[in-house]
Structures are given as C-alpha cells and as structure tokens.
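Note sheet for the following structure.
The values are calculated or read from the model by the stated rules, or taken from the named source; none is laboratory data. Remember, predicted model here, so these are calculated numbers, not experimental data. Ideal geometry is used to build each Cβ from the backbone, glycine not excepted, and the neighbour counts take in all protein chains shown. Accessible surface is based on the protein model in full, side chains and every heavy atom, while ligands, DNA and RNA are left aside. Shrake-Rupley method; radii C 1.70, N 1.55, O 1.52, S 1.80 Å.
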Amino acid sequence: MRLPRSLLDPLARLPAADDQGLVAVQLEQADGRIRAIHTLAAGCGGEGLDGGAPLPLALTPLVEPHAHLDKAFSGEAFPNPEGTMAGAMAANGLEAAERRGDGVRRRGEQALERAWCYGLRAIRSHIDSLGPWATPSWEALLELRDRWRGRVELQLVALVPVGHWRTPEGEAFAAWVAGHGGLLGGVLGAPFRSTPADRAALLALLRLAERLGCGVDLHVDESAEEHGRGVALVSDLLLRHRIVVPLTCSHASSMGLLADGPCRRLAEAMAAAAVGVVALPTTNLWLLGKHQRRTPSLRPQAPIRQLQEAGVTVAVGGDNVQDPWFPGGDFDPIALLRFSLAASHLVPWRRLGLSPFSTAASQLLGLDWDGVLRQGSPADLLVLGASSWGELLARPPRRRVLRAGRWLEPPPCEEPSPLLAACHG
C-alpha cells in the first residue's frame, strides 16, 4: 500500500517520498502489532509490483479532537432552519430541556459505532454540564467510555460558562470531573457577551485546573467579532502567571480575520504559552458571519497555517454532527478531511497538511500512540479505495479498516441505499 511518509517511522530506512508525500511499503503484523515495514521495489508511482494494479492509499486511524456526543443526531427533532448562531442556541436549549440519560447513551453509542467502522480511534467530546441534564449525560458517557475502552478512546470535557468555575458548586464539580479523568472546559466569548469579569473567571479556572492536575479545553472566539480577544487573554494569563496546564483553544475563529501582522504576533504568543488549537471549519463556516441576503467574502475560521508557522500545535475537528449547530457530519474522518482540505487550503501531501487529523490531534489529546507506524505499534490501518490524493478528492472512497490486525466489516453507508430500491430499469 502507499502510506504518507509522515505516518511511517522516521528512523526506518525507506526511500524518499514521491511528489504526493507517499511511500510504497509492505507491512508485516503479528498478534495485532506491526512486526516489520518493508520497502517495495516498485509502486512509488502508484503501481503495484511488476506493473500490476495500483496500490491503495492508506492512513493510520484518525482522531476526532472535538465533538458533542450528548447532542449528536438531534437536529431533525430540534431544527435550526435559518442556520444561525441564535437559532442554534434556541434549539439547543429546547433539546437540552428534554435530554435524558438513555437518549444520550443511545446517541453516544451510535456515534461510537460509526466512528469505529469509519476509522476513528479517539474522540474528545464536550458535555453540556450546567443544568439538570448534566449528571445523566455524564453518567451515560462515562459508561460508554468504559465499554468502548480499547476500541475508541473517549475523552470527556465539562462545558459550562467559564465563570461557573469560580463558584463553590463549580469548584466541587471540577474536583468530581478531575476524579473521573475528565477535562475542564468553558465558553469564552460568543455566543455569550465578553465582559471585564472574563479575566478573573479564566484565571480562577486555570488555577483550579493546575491544582487538580487536569487539562483544559475551551470554546474560544467562536464568532466574527472581537478578533482573537479570547485566545489573547488565555495566552496572556498563562504567561503572566506562569501556569502550566495542558490547554486547548477550540474554534479560535475570529482570529482568522486579523491582519497578517497582528495575527502573526498573537500566534507567536500562543506558541510561547503552549496553547494548542482545534480548528472546526464545518460548524464555523456554517454558522459564523452569516447574512441571509448575501454570501460573506470573509469567513471566520482558525488561521491554521499561520498558527502552524508560529509553532502552535493545530488539530482539525468535526464539532457538531446532525444537531442544531450543524446539520451534517457523520463521525467520518475521511469526509471531514475531504471538506477541510478545500475549506482550509490544507495540502495532505505535506506533513503539516495531514497532521491536524492525525499526529497533531494525537498530541493535543495526549494519546499513547502518535499514529506513526513503527515496529511494535498497533496494526491499525485505514485503507482507502483510492490510490492518490487526487482520487480521494475526486469522489468519496470506499474503505477497509484494520484493527489489531483484523479487518472490520465495511461501513453500512457503503452498502446500496434502501432509498434507491425502487430505482431500476
């Protein structure tokens, strides 16, 4: 098969990658682990040995760094027909009022089943955690985390207004979350109004996380306003108070509207503060800067390439799946990859174009495996019915997923649709 050189052991003796960043290799596996990586004498141009059939493009299973399993698949029952932030907030509130543990468990199970067969190996999910739905949602997703352990790693983040962590109830809840291996989260800026109290609230959160020894993943600057205000505040507090916690800023959308100079300086401050970023192009491009009578010429999304150039670790996530915030998505990392390459001008034949879906996402989530194939790594692969990046972009490819050396059944969506059963002749 043809694998990106960036997903193969950098110490392995392999030929230079071709102009698509790919190397033709043959893998040996035993007992669910990679035993050896061999160079193929032919195939670097996509052809098999001795001029045979083209070799398939393969990746290691990818990582979803930002999801919302508690509300996934709720969009049809609670629609947002205008596709606006205000509409999403309103529909989300209606759905949350009816949210129960069994529904969260059912939707979460559906999400993990799809992720497993599509080729995801880890998901970080935020949970709406202020209201009567919080405890049932956490209980359901903690149960799923345990049941799916060893297949899809599930990380959980408590999502609340950032000021909640300053209250006695917030501090007690933070200790409970940390005790259950979760992360602290919050919303800084939109869809809530920024206030002078944000600085004190965020500082309290950072100190609380440092004391508890847990990570932080914030929703920051999810808007087309106040360009980069939230990530600038996060970086300033970390550096000024010398706080060391694993911290991710999800969204960072409005930062993308800054001019080149201010954007570069802010990115450098974020790198100095060791702030990671999860860009979320699907939901951000769907909701933000929307005008009902025109298509905006500037689209707010995280400036991935400027952040990478400054040394910031950047991942790309799918965010919302078939809920009031975004009507599409399916926990399919290849669909997200295909969308994001065009939406964010990423080129997968370069390391920094592919890393947001694989190695950088693994780093932000602190996963045991970085997603690079080497001797002793998991024999896990996502093998595609495409032999080049061009084929991958041309049409949705079929796939086979290898887990611990065993092939999974193909995803159900790749079977003929029953909706087309009457179309014949």
- Message: I'm checking my understanding of the structure. Among residues of the stretch 223-239 that are open to solvent by less than 10 Å² (accessible area, probe 1.4 Å) and of a type outside the set (A, V, I, L, M), which one is modelled with the highest pLDDT?
- Response: SER235
- Message: Condition first: free of Cβ contacts under 8 Å to residues at least 24 places away in the same chain and among the small types (Gly, Ala, Ser). Now tell me which residues in the stretch 343-384 satisfy that.
- Response: GLY353
- Kindly check whether there is at least one residue in the stretch 240-248 that is open to solvent by 10 Å² or more (accessible area, probe 1.4 Å), touching a residue at least 40 places away in the same chain (Cβ under 8 Å) and closer than 23 Å to GLY318 by Cα. yes
- Message: Restricting to the stretch 295-320, give me the number of residues that are modelled with pLDDT under 95 and of a type in the set (Val, Ile, Thr).
- Response: 1
- Task: Of the numbered conditions (1) open to solvent by less than 80 Å² (accessible area, probe 1.4 Å); (2) within 23 Å of PRO281 (Cα to Cα), HIS345 fails exactly one; give the number of that condition.
- Result: (1)
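Would you tally the residues in the stretch 6-16 being in contact (Cβ under 8 Å) with a residue 24 or more places away in the chain and either open to solvent by 40 Å² or more (accessible area, probe 1.4 Å) or over 22 Å from PHE357 (Cβ atoms) (or both)?
Of the residues in the stretch 6-16, 5 are in contact (Cβ under 8 Å) with a residue 24 or more places away in the chain and either open to solvent by 40 Å² or more (accessible area, probe 1.4 Å) or over 22 Å from PHE357 (Cβ atoms) (or both).
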- Message: Taking the conditions exactly as written (modelled with pLDDT of 95 or more, surrounded by 23 or more Cβ atoms within 10 Å (Cβ to Cβ), out of contact with any Lys or Arg (no Cβ under 7 Å at 6 or more places or on another chain) and not acidic (Asp, Glu)), does PRO356 satisfy them or not?
- Response: yes
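The rows are residues; the columns are (1) open to solvent by less than 20 Å² (accessible area, probe 1.4 Å); (2) among the aliphatic types (A, V, I, L, M); (3) at pLDDT 95 or above; (4) closer than 15 Å to ALA134 by Cα.
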site: PRO161; (1), (2), (3), (4): no, no, no, yes
site: THR167; (1), (2), (3), (4): no, no, yes, no
site: GLY170; (1), (2), (3), (4): yes, no, yes, yes
site: ALA197; (1), (2), (3), (4): no, yes, no, no
site: LEU202; (1), (2), (3), (4): yes, yes, yes, no
site: LEU208; (1), (2), (3), (4): yes, yes, yes, no
site: GLY213; (1), (2), (3), (4): no, no, yes, no
site: ASP221; (1), (2), (3), (4): yes, no, no, no
- In the stretch 262-294, residue surrounded by the fewest Cβ atoms within 10 Å (Cβ to Cβ) [restricted to those that are at pLDDT below 95 and in a loop (DSSP other than H, G, I, E, B)]: ARG293
- Would you please list the contacts, defined by Cβ atoms under 6 Å and residues six or more apart or on different chains, that run from a residue in the stretch 91-111 that is open to solvent by 10 Å² or more (accessible area, probe 1.4 Å) to a residue that is of a type in the set (D, E, K, R) and modelled with pLDDT of 95 or more? GLY101/GLU139
- Residues of the stretch 127-154 satisfying the condition of being within 11 Å of HIS180 (Cβ to Cβ) and open to solvent by 10 Å² or more (accessible area, probe 1.4 Å): GLU139, LEU142, ARG145, ASP146
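Scan the stretch 58-83 residue by residue and report those that are small (Gly, Ala, Ser), at pLDDT 95 or above and out of contact with any strand residue (DSSP E or B) (no Cβ under 8 Å at 6 or more places or on another chain).
Here is the first cut: in the stretch 58-83, the residues small (Gly, Ala, Ser) are 58, 67, 72, 74-75, 77, 83.
Checking the rest, the ones that are also at pLDDT 95 or above come to 58, 67, 72, 74-75, 77.
Across the stretch 58-83, the qualifying residue is only ALA77.
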- Query: Of the conditions (1) assigned to a helix (DSSP H, G or I); (2) buried (at least 18 other Cβ atoms within 10 Å of the Cβ); (3) among the hydrophobic types (A, V, I, L, M, F, W, C), TRP176 fails just one. Which one is it?
  - Reply: (2)
- Query: Which members of the stretch 54-83 meet the condition of being farther than 27 Å from CYS249 by Cβ and open to solvent by 20 Å² or more (accessible area, probe 1.4 Å)?
  - Reply: PRO54, LEU55, PRO56, GLU76, ALA77, PHE78, PRO79, PRO81, GLU82
- Subset tally (residues that are in contact with an Asp or Glu (Cβ under 8 Å, 6 or more places away or on another chain) and among the aliphatic types (A, V, I, L, M)) for the stretch 137-159: 5
- Within the stretch 389-398, residues open to solvent by 20 Å² or more (accessible area, probe 1.4 Å) and touching a strand residue (DSSP E or B) at 6+ places or on another chain (Cβ under 9 Å) come out as GLU391, ARG398
